[in-house]
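J.: Quick one: this structure, given as structure tokens, is what I'll be asking you about.
The values are calculated or read from the model by the stated rules, or taken from the named source; none is laboratory data. Quick caveat: nothing in here was measured; it's all calculated off a predicted structure. Glycine gets a Cβ as well: all are built from the backbone with ideal geometry, and neighbour counts include every protein chain shown. These area figures cover heavy atoms from the full protein model, side chains too; ligands, DNA and RNA do not enter into them. Shrake-Rupley method; radii C 1.70, N 1.55, O 1.52, S 1.80 Å.
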Amino acid sequence: MILTINTGSSTIKYQLFSHDLERVLARGIVSRIGEEGSYIVHAARGKEVRHVIPVRSHREAFELAIQYLLHPVYGAISDVGEIEAVGHRAVHGADAFMASTLITDAVLDKMAELAPLAPLHNPPNLIGMREGLRLLPNVPHVAVFDTAFHQTMPPRAYMYALPYRFYEEHRIRRYGFHGTSCRYVSHQAAEVLRRPLEELNSVVCHLGNGVTITAVKGGQSVDTSIGFATFSGVMMGTRAGDIDPGLVFHFSRELGISLEEYERIVYYESGLLGISGVGNDMRVITEAAEQGNERAQLAMDMFAYMIKKYVGAYAAAMGGINCLIFTAGIGENSPPIRRMVCEDMAFLGIQLDPECNEEAVGGREMVISPPGAACSVVVIPTNEEKMIAIDTRRLASRQPA
Ligand code: ADP
């Protein structure tokens with residue numbers, strides 16, 4: 001069995017896969033680690049339990065997860081020896097990690113060195129890895145980096161036109177995120193379309209709370225909308241996305257808004273929330289727009305328009321597009337947004353079958369373009385954990401016994 005671990009600053013999420021990776025035997029999340037009211041939600045054997053339990057540290061959270069996996073009633077294993085390998089989600093591998101890797105002391109040291117690039121994510125990821133190694137020392141542990149998939153981007157796509165020394169001395173460049181999701185859905189799209197991955201020029205629209213658009217040519221990322229921070233590209237739930245970087249000077253000099261305040265505004269008060277005024281949840285925004293709320297309608301229009309522009313740009317970057325992939329919360333569940341993105345895109349061969357588009361909700365994997373369309377449009381539910389489990393099993397099987 002393969003265990004996947006995703007450690008955040010106050011959460012640990014886990015999933016236990018069967019060896020063939022066909023079944024999830026258990027899944028859970030320990031939340032509010034180190035805070036008041038910490039709790040675990042754990043599901044296995046068709047039952048879900050939610051228990052409020054004090055959890056002071058990530059170490060305790062990890063131990064708790066293992067206890068639940070071993071539990072005689074809620075558990076899925078009778079001995080930790082049944083876990084053959086552990087896969088850890090790792091957010092930032094910068095240019096040091098081109099692919100998933102077995103975790104060694106050198107890997108941990110390198111990740112610690114990269115922490116300033118992802119101060120919110122890498123430190124908890126590292127804690128998760130260290131605790132995992134301590135609790136399950138006899139099995140291979142694998143790190144699967146969110147940035148690794150985008151390491152195939154050419155310099156013309158990943159460089160920023162800043163003085164070159166910032167790249168050389170401070171590693172300032174586009175890295176890209178959501179790579180694990182992107183890799184999974186691009187492979188899955190090739191399966192669904194029964195076409196070799198090498199033939200596909202895909203644009204992947206990962207539309208969740210975070211939004212990334214990625215150009216995937218023959219299975220390799222060649223450009224992506226999120227850059228150094230998790231900010232650029234299409235507007236997101238509460239993040240502004242592409243705005244004029246010069247605004248920061250105007251906010252500071254003319255409006256007297258501090259840098260900290262500006263950061264809060266563009267990260268937490270902007271995007272779908274900032275425009276609609278009704279929330280950052282696309283369901284709420286869509287409902288408000290249907291009832292005639294003009295700002296909610298504007299938020300949807302802007303969101304779809306920004307995605308459309310990236311699709312056009314990336315079709316140009318790849319010399320054409322023959323596959324458009326929608327994934328994550330909004331991509332998998334919002335027929336109106338998919339319709340708006342694909343409207344008037346026939347010049348790129350992009351068309352929708354309206355009925356299929358309506359049907360593709362709630363985690364369904366579906367082709368939603370009409371048969372014979374030059375560009376296939378597909379909805380693929382993302383599954384980062386499965387991708388992590390696939391890499392983990394592959395790398396673990398190469399380990400000398
Ligand atoms: P995260 O990036 O946090 O993993 P998700 O992929 O879960 O986010 O996506 C969250 C987004 O998906 C929210 O904006 C939510 O409104 C949207 N979403 C979920 N279900 C639906 C739905 N049925 N219709 C429209 N949007 C939905």
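J.: If you project the alpha carbons of the stretch 295-401 onto the principal axes, what extent comes out on each, in Å, largest first?
T.: Extents along the principal axes: 57, 32, 28 Å.
J.: Next question. Identify the GluC sites (Glu not before Pro) of the stretch 215-304 meeting these criteria: DSSP loop state and at most 15 other C-beta atoms within 10 Å of the C-beta.
T.: 254, 269
J.: Please compute, for the alpha-carbon atoms of the chain, the extent along each of the three principal axes and give them in descending order in Å.
T.: For the chain, the Cα spread along each principal axis is 57, 55, 44 Å.
J.: Work out the length of the dipole vector of the chain about its Cα centre, built from +1 on the beta-carbon of each Lys and Arg and -1 on the beta-carbon of each Asp and Glu, and round it to the nearest 20 debye.
T.: Numbers: 36 positive and 45 negative charges, 133 e Å.
My answer is approximately 640 debye.
J.: Output the 0 to 90 degree angle, nearest 10, between the alpha-carbon long axis of helix 179-193 and the longest principal axis computed from the alpha carbons of the chain.
T.: It works out to around 70 degrees.
J.: Please name whichever of 348, 330, 310 sits farthest to the positive end of the charge dipole of the stretch 296-365, dipole taken about the Cα centre and charges placed at Cβ: Lys and Arg +1, Asp and Glu -1.
T.: Among 348, 330, 310, the one farthest towards the positive end of the dipole of the stretch 296-365 is 310.
J.: Show 58, 51 ordered by accessible area, largest first, where the area counts protein heavy atoms only and the probe is 1.4 Å.
T.: Largest accessible area first, the list is 51, 58.
J.: Considering amide H positions built from the backbone, and no H for Pro or chain starts, which residues 5 or more places from residue 177, or on another chain, come under 5 Å of its amide H?
T.: 226
J.: Among the chymotrypsin sites (Phe, Trp or Tyr not before Pro) in the stretch 81-164, which ones are in a DSSP loop with at most 14 other Cβ atoms within 10 Å of the Cβ? Mind listing them?
T.: 160
J.: Right, something else. Can you tell me what the convex hull of the Cα atoms of the stretch 1-63 projects to on average, as an area in nm²?
T.: If you wrap the Cα atoms of the stretch 1-63 in a convex hull and average its projections, you get 4.1 nm².
J.: Let me ask something else. By a straight-distance test (C-alpha under 28 Å), which lysines pair with residue 110 as possible cross-link partners, with residues fewer than eight away in the same chain excluded?
T.: List returned: 13, 386.
J.: Also, quick follow-up: Please compute the net charge surrounding residue 190, taking Lys and Arg as +1 and Asp and Glu as -1 over other residues with Cβ under 15 Å from its Cβ.
T.: With Lys, Arg at +1 and Asp, Glu at -1, the net is 0.
J.: Name the residue, out of 159, 282, 129, whose mean-square fluctuation peaks in a Gaussian network model built on the chain with Cα pairs under 10 Å.
T.: 159
J.: May I pose another question? Can you give me the convex hull volume of the Cα atoms of the stretch 130-198, divided per residue and expressed in Å³?
T.: Details: hull volume 10.4 nm³, N = 69.
With only Cα atoms used, the stretch 130-198 gives 150 Å³ per residue.
J.: Separate question: Which residue, 343, 169, 35, has the most motion in a Gaussian network model of the chain that connects Cα atoms within less than 10 Å?
T.: 169
J.: Still on this structure: Net charge around residue 73, counting only other residues with Cβ within less than 13 Å of its Cβ (Lys, Arg = +1; Asp, Glu = -1)? Write out the running numbers ahead of the final one.
T.: On the way: positive: 45, 47; negative: 48.
Net of charged neighbours comes to +1.
J.: Here's something else I'd like to know. Quick check: the distance between the Cα centres of the stretch 255-279 and the stretch 106-154, to the nearest angstrom?
T.: First find each Cα centre; the distance between them is then 31 Å.
J.: Among 322, 357, 138, determine the one that fluctuates most according to a GNM of the chain built with springs between C-alpha atoms less than 10 Å apart.
T.: 138
J.: For the stretch 230-315, run through the trypsin sites (Lys or Arg not before Pro) and keep only the ones in DSSP coil with at most 11 other Cβ atoms within 10 Å of their Cβ.
T.: Hits after loop and neighbour filter: nothing returned.
J.: Let me ask another. Quick one: 3J(HN,Hα) in Hz for the stretch 310-317, Karplus 6.51/-1.76/1.60 with θ = phi - 60°, rounded, Gly and Pro as x.
T.: After applying 6.51 cos²θ - 1.76 cosθ + 1.60, I find 5, 4, x, 5, 6, 4, 5, 4 Hz.
J.: Can you give the extra length, in nm with one decimal, that the chain gains between residue 365 and residue 159 once fully stretched, where that is 0.36 nm per residue apart less the Cα-Cα distance?
T.: Fully extending the segment from residue 365 to residue 159 adds 70.7 nm.
J.: Right, next: Largest first, how would 78, 10 line up by accessible area (1.4 Å probe)?
T.: 78, 10
J.: Okay, next question. Quickly work out the residue 257-to-residue 171 label distance, labels modelled 7 Å from Cα along the C-beta direction, and quote it in nm with one decimal.
T.: 3.0
J.: When the helices in the chain are scored as -39500 (n - 2.57) per DSSP H run of 4 or longer and the sum is shared across all residues, what 222 nm value do you end up with, to the nearest 500 deg cm²/dmol?
T.: Numbers: 15 runs with 154 residues, N = 401.
Rounded to the nearest 500, it is -11500 deg cm²/dmol.
J.: Let me ask you something else. Each label point is 7 Å from the Cα along the Cα-to-Cβ direction; what then is the distance between the points at residue 110 and residue 247, in nm?
T.: Here the answer is 3.7 nm between the modelled labels.
J.: Would you kindly find the accessible area of residue 166, with a 1.4 Å probe and non-protein molecules such as ligands, DNA and RNA excluded, rounding to the nearest 10 Å²?
T.: Residue 166 exposes around 70 Å² with every protein chain in place.
J.: Report the Cα-based extents of the stretch 276-347 along its three principal axes, largest first, to the nearest Å.
T.: Each principal axis gives a Cα extent; for the stretch 276-347 these are 40, 21, 17 Å.
J.: Sort 109, 223 by heavy-atom solvent-accessible area, probe 1.4 angstrom, most to least.
T.: Values: 109 100, 223 30 Å².
Final ranking, largest accessible area leading: 109, 223.
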